[in-house]
Amino acid sequence: MNPHDPLVLVWLIAIPFAGGLFCWLFERTLGIVFPRYVALFTMLSVLALSCWLWATGDYSLSGIGETPQWTLEYQVPWIPRFGISFHLGLDGLSLLLIVLTNVLGVMAVACSWKEIGRYVGFFHLNLLWNLAGVVAVFLALDLFLFFFFWEMMLVPMWFLIAIWGHDTPGGKSRHYAATKFFIFTQASGLLLLLAILGLVFVHHANTGVWTFDYDDLLKAELSPQIEYLLMLGFFVAFMVKMPVLPFHTWLPDAHSQAPTAGSVDLAGILLKTAAYGLMRFGLPFFPNASADFAPIAMGLGALGIVYGAFMTFAQHDVKRLVAYSSVSHMGFVLIGIYAGTTLALQGAVVTMIAHGISAGALFILCGEVYERLHTRDMRKMGGLWATFPYLPPILLFFVLAALGLPGLGNFVGEFLVLLGAWPVNVPVTLIAASGLILAAVYALYMVQRVLHGPAKAEAQVEDLNRREILTLLTLMALLLALGLYPQPVLDASAAPMHALELLYRGAAP
Amino acid sequence: MIFTLEQWIALSPILITGASSVVVMIGIAALRQHQLNATLSVMGLNSALLACALLLFGPQLFPELMTTVLPAEVTPLLHIDNYSIFYMGLILSATLATSTLAHPYFDEFKGKPEEFYLLLSLSALGGLVLACSNHLASLFIGVELLSVPLLAMIAYPLHDKHALEAAVKYLILSAAASAFLLLGMALIYADSGTLSFPGLAQHLSAGDASGPYIVIGSVLLLVAVGFKLSLVPFHLWTPDVYEGAPAPVTAFLSTASKTAIFAVLLRFFTEGGGYATGVLIDLLSGLAALSIVVGNLLALRQDNLKRLLAYSSIAHFGYALVALIAAGALAVEAVNVYLLTYVVTNLGAFGIITLVSSPLKERDADHIEDYRGLFWRRPFLTAILTAMLLSLAGIPVTAGFIGKFYILAAAVDARQWLLIGAVVFGSAVGLFYYLRVISIMFMGEMKHIGFDVTLGWEARAGGLVTLLLMLLMLLIGILPDPFLHLISFAGLSAG
């Protein structure tokens, strides 16, 4: 395959699909260890493929803007009746998120090596299909196709939570959490479908052409009122998934009941699809309405940061703690997107990647603590520093990353967001900046409760094994690299983010 | 009246189905053997289906042998066009699937299973008449021919109290509906002096469409149709009948019979001038919204899979009505697509229930606890049921999504925001109970195995049909284009 063969985009989606199916079909004959290796091999190969695409491709083009240009593009007709085609496109933004997806996919497979003991084949089928669906969402350039994968990836996630999740004793069941997650995202998805249909019908009414294609719909002429309405439809659908206040309530429930791989997947990747949707579709389709709406969206982002931080502080369950901190961090992403300066937008991209890695790692650590202590309640932990030699420092590292310690990826992202948002909206930036302090408070409070003090748990539990240390070290290295030398990421996202800024400027009165 | 050759040819699916029921009757009289009679009836249905296919595609495939006979007017009662052929094909396919599923089911039946196929063919014949009905008289004949054999089919296991109860319920409400239908027809005739759809359309567009007789008459007509389609508030019989009837009969009732009624309703609206009476549309909107909301909400608390699917079918016909009400350029196409996806999906779901059930047991395998942990013992069988339930919920990759997409597209086109709200609400609620069933199938191990499918189910006819339905369902969901192409032939021209 040469780098310019667009069929490679299809491979990115098809390989995990096939791998997942393979895991399930041959589990009975080849035993339960086999699916794990197949899944690992599948994810490593797509990771290699996506890294190779990064190394060899030219990402100075932008898929956003008046006339999108794609590094790689693949299109075949699908449902000509409505002008729907199987249209995939890759630019710097999608590439970064696909690499992130595949990195975390490898980690998700690795971290469930021991945790998942039942129905291993079917587990990996769901995990891999979910990852494939996410990759397809990052590539889809036809709104029907985008919606198709947007909804499709939820089903495997539901299975992951409902079958392999945890029931909190005396609390909510995993079915409750899984179904709540599914209904929230599906209902908002229908809203997205309606907005898409509205856009398509307006375009059809104007031109007489049925199309769901990204390039064509960018040129749709909308009256300001309709533009605002449709923009709200897209925004609400994405804000449920992101999640933004007041639609975030599914997230803590889903996280606390999900298996580790499910949490990694949810926090690390699924939440990013919403931010991606805003950048790729929400803003370019409706630049004027988005510019009008920006102060409200930024306000919601700031509110999310502060609210998320306060809620984080009040949690006893480690996984709910990390979940609420995600709400807080995604607030930065929302502010970055709607601030609309290249700096802030690039900050949002870096935050997405850094949060994906750090939250993913924290969830992996939560899972590893749970495997050893059989509790996620911080009141029953404490004194881990004395019990384990390796786990506590690693945990400390990722907590420090999450609170935005300079030198690690999260700091770069949040700093860029604040810097870029300052000239646009000072009050929001001030409130958002306070989130950094609040993050330090809850993060250090968590460290104190979990790691320090007298040991409450039974002693003599095994420390991290080599597989676990290797996965976490990889993530540490990535986060450190992103913090110290973020330039490759910034380069890849520069062109699309700059195009977004131009859209905002064009729309600004 | 003398029929021309073209008219005979156009009428062939109906004639073949009618003849095949006679053949089955003679067959039963000559030799009472299950396999033989089932085969006879399936052969008849298959040739009728083949006739449909030839009528639709013959002129294109063999231009030197066949000429187009469609659309054909056979007496003022029947109008056979592509639309009728599409629905005849759908009804015949559903009937075929039903009889294939019924064969293994009734193989274990203690009584005499042969007459079932006779009743099934007769009922299908009623459906075929409805699909080409162009006249209120043929509408009535079709409805009766469809329902009366169905009654006997519901009560087929005569020793079973539930089945008898269901049949009596269906009988009484069905009779009431027929009375409404006749009275409505009489009132319409009193005002317009015609019973044919084109005549009515002319009358309604020329004169005033709000005369008291015509309005009351069409409302009564709608009430009767509402009973048959089990729209809220005429749905009370549905869950009991679905639960009491043998599983293959329920499959037929919820797919072929409802589809046939809906087909004639849509034709009445587009070609019979139904859209001209604004009251009807308002009333229909109310029925649609109520069916969606009430059907979905009542499904939430069901522990019985057949009852759950009964309530879900109430809601699904609410969705289909939304497209009918939308009335735009997309309406007929949307209804056709939706009913196609609905029939395939529902047949698949009931197919699995039939495979797992057996008439030797006191009841069918209709309690959701019967399915607990089934996935871990019968992964492929359960995967099919799961996919069918997801399709009913309208999740992408399944046929149900394409159907729902069409409904929403038609509604957005017509700016029916209130009904769209109902559809969105209904879909969100619907997820809850479909997921509940799915989660039971994937959870834990069953304490005692009450029901199980026979080994090698996938190699037997009933199993093959469900596998085929599954493939078809996924094909519609993933590559809908050939199906949409087929349906684009089956349009209706507004009269």
field: Residues located in segment B:395-410, provided they are farther than 20 Å from residue B:468 by Cβ and more than 9 Å from chain A (Cβ to nearest Cβ)
entry: B:406, B:407, B:410
task: Within segment B:411-422, count every residue that is more than 8 Å from every other protein chain (Cβ to nearest Cβ) and crowded, with 20+ Cβ neighbours inside 10 Å.
output: 4
- prompt: Going by the structure shown, is residue B:231 at pLDDT 90 or above, buried (at least 17 other Cβ atoms within 10 Å of the Cβ) and assigned to a loop (DSSP other than H, G, I, E, B)?
  reply: yes
- prompt: Quick check: anything in segment A:373-383 acidic (Asp, Glu) and surrounded by 23 or more Cβ atoms within 10 Å (Cβ to Cβ)?
  reply: no
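Condition check ((1) surrounded by fewer than 22 Cβ atoms within 10 Å (Cβ to Cβ); (2) of a type outside the set (A, V, I, L, M); (3) part of a strand (DSSP E or B)) across all residues:
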{"site": "B:39", "(1), (2), (3)": "yes, yes, no"}
{"site": "B:45", "(1), (2), (3)": "no, no, no"}
{"site": "B:52", "(1), (2), (3)": "no, yes, no"}
{"site": "B:66", "(1), (2), (3)": "yes, no, no"}
{"site": "B:88", "(1), (2), (3)": "no, no, no"}
{"site": "B:91", "(1), (2), (3)": "no, no, no"}
Qualifying residue in segment B:357-367 (condition: assigned to a helix (DSSP H, G or I), touching a Leu at 6+ places or on another chain (Cβ under 8 Å) and either surrounded by fewer than 24 Cβ atoms within 10 Å (Cβ to Cβ) or among the β-branched types (Val, Ile, Thr) (or both)): no
- request: Kindly provide the set of residues from segment A:102-117 that are within 25 Å of residue A:9 (Cα to Cα) and crowded, with 24+ Cβ neighbours inside 10 Å, ordered by number.
  value: A:102, A:104, A:105, A:107, A:108, A:109
- prompt: Given the residues B:319, B:342, which is the only one that is away from chain A (no Cβ under 13 Å), buried (at least 24 other Cβ atoms within 10 Å of the Cβ) and among the aromatic types (Phe, Trp, Tyr)?
  reply: B:342
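Here's the yes/no breakdown for (1) more than 30 Å from residue A:36 (Cα to Cα); (2) of a type in the set (Ser, Thr, Tyr); (3) away from chain B (no Cβ under 12 Å); (4) in contact with a strand residue (DSSP E or B) (Cβ under 9 Å, 6 or more places away or on another chain):
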site	(1), (2), (3), (4)
A:101	no, yes, yes, no
A:104	no, no, yes, no
A:111	no, no, yes, no
A:122	no, no, no, no
A:135	no, no, yes, no
A:144	yes, no, no, yes
field: Residue identified as surrounded by fewer than 23 Cβ atoms within 10 Å (Cβ to Cβ) and within 30 Å of residue A:285 (Cβ to Cβ) among A:120, A:99
entry: A:99
task: Among the candidates B:379, B:359, B:396, single out the residue that is of a type outside the set (Phe, Trp, Tyr) and under 20 Å from residue B:246 (Cα atoms).
output: B:359
message: Of all residues being out of contact with any Lys or Arg (no Cβ under 9 Å at 6 or more places or on another chain) and at pLDDT 70 or above in segment A:451-463, which is surrounded by the fewest Cβ atoms within 10 Å (Cβ to Cβ)? Just the residue, please.
response: A:454
task: Identify all residues within segment A:183-192 that are at the interface with chain B (Cβ under 10 Å from one of its Cβ atoms) and hydrophobic (A, V, I, L, M, F, W, C); write none if there are none.
output: A:183, A:184, A:187, A:190, A:191
message: Just to confirm my filter: which helices (runs of 4 or more DSSP H) fall fully inside segment A:240-342 and include at least 3 residues that are β-branched (Val, Ile, Thr) and either surrounded by fewer than 24 Cβ atoms within 10 Å (Cβ to Cβ) or in contact with a helix residue (DSSP H, G or I) (Cβ under 8 Å, 6 or more places away or on another chain) (or both)?
response: A:287-313, A:318-339
task: Give the residue that is modelled with the lowest pLDDT, with candidates limited to residues of segment A:464-491 that are in a loop (DSSP other than H, G, I, E, B) and surrounded by fewer than 18 Cβ atoms within 10 Å (Cβ to Cβ).
output: A:465
query: Which condition number in (1) more than 9 Å from chain B (Cβ to nearest Cβ); (2) closer than 15 Å to residue B:432 by Cα is the one that residue A:215 fails?
result: (2)
Breaking point among (1) within 16 Å of residue B:88 (Cα to Cα); (2) surrounded by fewer than 20 Cβ atoms within 10 Å (Cβ to Cβ), for residue B:22: (1)
- prompt: Within the group B:385, B:381, B:390, which residue is in contact with a Ser or Thr (Cβ under 7 Å, 6 or more places away or on another chain) and either more than 10 Å from every other protein chain (Cβ to nearest Cβ) or more than 25 Å from residue B:286 (Cβ to Cβ) (or both)?
  reply: B:390
query: In segment A:160-182, how many are at the interface with chain B (Cβ under 7 Å from one of its Cβ atoms) and without any contact (Cβ under 8 Å) to a residue 40 or more places away in the chain?
result: 4
query: Are there any helices (runs of 4 or more DSSP H) wholly within segment A:154-234 with 3 or more residues that are touching a Lys or Arg at 6+ places or on another chain (Cβ under 8 Å), and if so which?
result: A:154-164, A:174-207
message: Among the residues of segment A:45-61, what is the count of those that are loosely packed, with under 13 Cβ neighbours inside 10 Å and among the polar types (S, T, N, Q)?
response: 1
statement: Residue hits (segment B:1-57; without any contact (Cβ under 8 Å) to a residue 40 or more places away in the chain and within 16 Å of residue B:131 (Cα to Cα)) are B:15, B:16, B:51, B:53
statement: For segment A:69-78 the number of residues that are within 14 Å of chain B (Cβ to nearest Cβ) and crowded, with 21+ Cβ neighbours inside 10 Å is 1
message: Residue pairs, Cβ under 7 Å, 6 or more apart or interchain, first in segment A:324-352 and at positive phi, second small (Gly, Ala, Ser) and in a helix (DSSP H, G or I). List them.
response: A:340/A:294
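Quick check on this structure: which one of A:89, A:117 is among the small types (Gly, Ala, Ser) and outside any strand (DSSP E or B)?
Of the residues listed, the single one that is among the small types (Gly, Ala, Ser) and outside any strand (DSSP E or B) is A:117.
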- prompt: Looking at B:145, B:122, B:96, which is the one that is under 15 Å from residue B:20 (Cβ atoms), free of Cβ contacts under 8 Å to residues at least 40 places away in the same chain and in contact with a Leu (Cβ under 9 Å, 6 or more places away or on another chain)?
  reply: B:145
field: Residues of segment A:193-212 classified as more than 11 Å from chain B (Cβ to nearest Cβ) and within 24 Å of the chain's Cα centre (by Cα), total
entry: 0
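The values are calculated or read from the model by the stated rules, or taken from the named source; none is laboratory data. Computed from a predicted model, the values in this text were never measured in an experiment. Ideal geometry is used to build each Cβ from the backbone, glycine not excepted, and the neighbour counts take in all protein chains shown.
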